[in-house]
Amino acid sequence: MKISSLWLAALALASSALAAPITESASPVSYKDHQVIRFTVATEQQAAQLRAIVSRHDDGISAWTDIHAGAAADLLVPPTAASKIAGALAAIEHKVLVSDLQANIDAERAHSEQNSHKLTEALKSGALAAPTAATVFSDYQDQATYESFIASLPGVTKQSIGTTYQGRSINAFSFGTGSKRIVFNGGIHAREWISPAVVTYVANYLTGSTSDAVALRSKFTFTVIPVLNPDGYAYTRSTDRLWRKNREPNSGSSCVGTDPNRNFPYKWGGEGASTSKCAEDYRGTAALSTKEAQALTSFIKSLSNVVSYIDFHSYSQLWMYPWGYDCNARLPEPELTDLKTGGSKAVAALEAVNGVSFTNGQSCLVTYPAAGATDDWTYSIGVKYTYSVELRDTGDNGFTLPASQIVPSGKEVVAAVVALWQYVATKV
């Protein structure tokens, strides 16, 4: 076959995952005049005040970061809810990070209309044989485009590891010849668009011809899952840019979705996982009640010799290791020192690229308790070098990080994972 027909076959293969999903018909959600406000939370009383505001779930106020004393808390506030936070504004130091969130979304959409939308249409029509990496990383792409690109890379094999509630395939792509396995994913939280872009960037590098990539492929077999929450990701692109959860309805509630990253079986139901079906961190009816958690756990358990796992998120610029379920829990030695060392090597290499600083530490201590998350579960089953990473930025753009930051973020994360996995190679 010619390269054009090869590429179209790859695109059709990736697109087949979306051949007959449930289609949700709704007008795009507007965030006109919604503000992102950062509160400097000094006391537990202030934290409790903000948590009480967010917990109502009926006025559109939501937390973009966790709320606890001694840290900043970012809240999304619609204009209709200004009176609801008047007391907090008077009592707690704060600043406005984003004055009109819809303006960020509109700029993002305008960029996509000239880039990712045109790329998708050109590939579907056959007008474009195959995109270059530069084209793919010029914008945030849909699931099919990312997966088509990864499928076209040398030495890559594809498999479906599960199907979502709406009928989309959760796809994994593997490459390398090593006896030890490494798994990494993006997109478990739908609105964190930088994570599928960056894991695709990492896959592109690792399948390349640099000496580092070749050496790592001889030591490890890698698997990347670019979009672990396909239904939620599709919904952010069509309807609600800030959607976080999956899209499975909840019995007895008009509130849709479960947070897949609170649905894993290790310490499921603990602190930092809500019982409210309307909450963004709703834990589900039981451990592994979500198709996404079922798919990842079944896949990883089917593999032998998995030595490292990374779950990529945004935002906050953090490189974290377990535990997340309890801030008083500690890893045993020498595991704790080994994971600290690996994380330190990663963040040092990352900062050397663009001068961007990440914090390395135990997830519960550098963020907040989060029971039922991917990283605690993978570590609990013996995947030692387990990390959860919060990518750019620290809040100026938050979840609406401009597409111009994809390549810089990709380059620094490549440096980080190469340094980390070179270290892991010496330890396993």
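One quarter of the surface of the convex hull around the alpha-carbon atoms of the range 100-155 equals 4.2 nm², the direction-averaged projected area.
Using the Stokes-Einstein relation with a Kirkwood hydrodynamic radius computed over Cα pairs, the translational diffusion coefficient of the range 172-218 at 20 °C and a viscosity of 1.002 mPa s comes to 183 µm²/s. Residue-wise HN-Hα couplings along the range 244-250, as the Karplus relation 6.51 cos²θ - 1.76 cosθ + 1.60 with θ = phi - 60° gives them from phi, are 10, 7, 7, 10, 7, x, 10 Hz; Gly and Pro carry x. Debye sum, Cα scatterers, the range 50-156, no solvent: what log₁₀ I/I(0) at q = 0.14, 0.18, 0.19 1/Å? Taken in order of the listed q values, log10 I(q)/I(0) reads -0.73, -0.86, -0.91. Seen from every direction in turn and averaged, the convex hull around the alpha carbons of the range 76-116 projects onto 3.6 nm².
All C-alpha to C-alpha distances of the range 342-404, sorted into 5 Å bins beginning at zero, yield P(r) values of 4, 14, 20, 23, 20, 13, 6, 1 percent in whole numbers. Counted by Cβ distance under 11 Å from Leu97, the other residues give a net charge of -1, where Lys and Arg count +1 and Asp and Glu count -1.
Counting every pair of alpha carbons in the range 216-258, the share spaced more than 17 Å apart comes to 48 percent.
Residues Trp377, Trp243 ordered from highest to lowest accessible area at a 1.4 Å probe: Trp243, Trp377. For Lys245, the residues whose modelled amide H falls within less than 5 Å of its own, excluding neighbours fewer than 5 places apart on the same chain, are Ala190. Tell me which of Leu365, Gly343, Val389 sits at the most positive position along the dipole axis of the range 302-391, charges placed on C-beta atoms (Lys, Arg +1; Asp, Glu -1). In the range 302-391, that residue is Gly343. Applying both filters, DSSP loop and at most 15 other Cβ atoms within 10 Å, to the trypsin sites (Lys or Arg not before Pro) of the range 390-428 gives Lys427. In this structure the amide hydrogen of Ala71, modeled in the peptide plane, comes within under 5 Å of the amide hydrogens of Val41, none closer than 5 places in sequence on its chain. Over all directions, the projected convex hull of the C-alpha atoms in the range 203-342 averages 10.8 nm² in area.
Compactness of the chain is given as radius of gyration and Dmax, 20.7, 68 Å, from Cα positions. Quick one: go through the range 51-83 and flag any residue whose amide nitrogen is under 12 Å from the point 7 Å out along the Cα-to-Cβ line of Cys255. Output list for this probe position: 54-63. Applied to the range 283-297, the Karplus parametrisation 6.51 cos²θ - 1.76 cosθ + 1.60 on θ = phi - 60° returns per-residue 3J(HN,Hα) values of 7, x, 6, 6, 4, 6, 7, 9, 5, 5, 5, 4, 5, 5, 5 Hz, with x for Gly and Pro. Of the accessible area of the chain, with the probe set at 1.4 angstrom, what percent is carbon plus sulfur? The C+S portion of the solvent-accessible surface of the chain is 52 percent.
Counting only residues at least eight positions apart within a chain, or on another chain, the lysines with an alpha carbon under 24 Å from that of Lys277 are Lys84, Lys245, Lys267, Lys291. As a calculated quantity, the FRET efficiency between Lys32 and Lys118 at R0 = 35 Å, using C-beta atoms, amounts to about 0.85. Of Glu271, Glu108, the residue with the largest accessible area leads and the full order is Glu271, Glu108 (1.4 Å probe). For Ala190, the shell of other residues with beta-carbons less than 13 Å away shows a net charge of -2, using +1 for Lys and Arg and -1 for Asp and Glu. A simple spin-label model places the labels of Ser160 and Asn305 3.0 nm from each other, with each point 7 Å out along Cα-to-Cβ. Estimated from helices alone, the mean residue ellipticity of the chain at 222 nm is -11000 deg cm²/dmol (sum of -39500 (n - 2.57) over DSSP H runs with n ≥ 4, per residue). Largest to smallest in accessible area, the residues Ser125, Ser344 fall in the order Ser125, Ser344 (1.4 Å probe, all protein chains included). Computed over protein heavy atoms with a 1.4 Å probe, the accessible surface of the range 302-428 works out to 32 Å² per residue.
Using the alpha-carbon positions of the range 309-354, Rg (one decimal) and Dmax (whole number) come out as 12.0, 34 Å.
Put simply, the amide H of Val98, placed in the peptide plane, has neighbours under 5 Å in Val36, leaving out anything fewer than 5 places away on its chain. Per-residue 3J(HN,Hα) values for the range 377-383, derived from phi via the Karplus relation 6.51 cos²θ - 1.76 cosθ + 1.60 with θ = phi - 60°, read 5, 5, 5, 5, 9, x, 8 Hz in sequence order (x marks Gly and Pro).
Take the Cα of Thr210, step 7 Å along the line toward its Cβ, and report every residue of the range 176-190 whose backbone nitrogen sits under 20 Å from that point. Zone members listed by number: 176-178, 182-186. Of the residues Gly155, Pro226, Ala127, the one whose Cα sits farthest toward the positive end of the charge dipole of the range 119-235, with +1 on the Cβ of Lys and Arg and -1 on the Cβ of Asp and Glu, is Gly155. Expressed in units of 2.2 N^0.38 Å, where N is the residue count, the Cα radius of gyration of the range 155-268 is 1.21. Hey, quick one: spin label on Ala134, modelled 7 Å out along Cα-Cβ, who in the range 410-424 has an amide N within reach, i.e. under 19 Å? Within reach of a label on Ala134, which here means backbone N under 19 Å from a point 7 Å along Cα→Cβ, the range 410-424 contributes 410-412.
The values are calculated or read from the model by the stated rules, or taken from the named source; none is laboratory data. Quick caveat, the model's predicted, so the values are computed rather than measured. No Cβ is skipped: glycine too gets one built from the backbone with ideal geometry, and neighbour counts run over all protein chains shown. Calculation scope for accessible area: heavy atoms of the full protein, side chains included, ligands and nucleic acids excluded. Shrake-Rupley method; radii C 1.70, N 1.55, O 1.52, S 1.80 Å.
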